[in-house]
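The values are calculated or read from the model by the stated rules, or taken from the named source; none is laboratory data. Since we're looking at a predicted model, the values are computed, not measured. As a convention, Cβ positions derive from the backbone with ideal geometry for all residues, glycine included, and neighbour counts pool all protein chains shown. When the accessible area is computed, the model is the full protein with side chains, heavy atoms only, and any ligands, DNA or RNA have been set aside. Shrake-Rupley method; radii C 1.70, N 1.55, O 1.52, S 1.80 Å.
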Amino acid sequence: MIRISLHHDGEGRLERIVVQGHAGYAEAGEDIVCAAVSGISIGLANASETLLGVTVVQDADEEEGGYLDCRIPEELEPDKRKQVRFLLEAMAASLQSVADEHSAYVQMNRY
């Protein structure tokens, strides 16, 4: 199962998304649930870097896959922080759609 953790600050604003695990929907290379989660997660992390110049990936397991930790860097100015948060919110909304359709393979938790 893929577990997605959404971490919020004291005011309820999204600050971090952690994606871990494997869906197990199908064999490796055929798993559309894993492909959807990976495409959304990596795509929006890359968009932050390409469009805003902000690296949000703090840790990833590039060898085995199955782990991605994205968070808003502490030192960002308020306007840039707002833009990055918007991308993380878009990522969370898209991942929620996958979780809603494939709840046996993707679980989302909010903290």
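When you scan region 65-108, how many residues do you find that are in a loop (DSSP other than H, G, I, E, B) and either within 18 Å of Thr55 (Cβ to Cβ) or under 12 Å from the mean Cα position of the chain (by Cα) (or both)?
Here the count works out to 7.
Please enumerate the residues belonging to region 50-102 that are acidic (Asp, Glu) and within 26 Å of Val33 (Cβ to Cβ).
Asp59, Asp61, Glu62, Glu63, Glu64, Asp69, Glu89, Asp100, Glu101
Counting just the residues of region 80-95 that are of a type outside the set (Phe, Trp, Tyr) and free of Cβ contacts under 8 Å to residues at least 24 places away in the same chain, which one comes out least open to solvent (accessible area, probe 1.4 Å)?
Arg81
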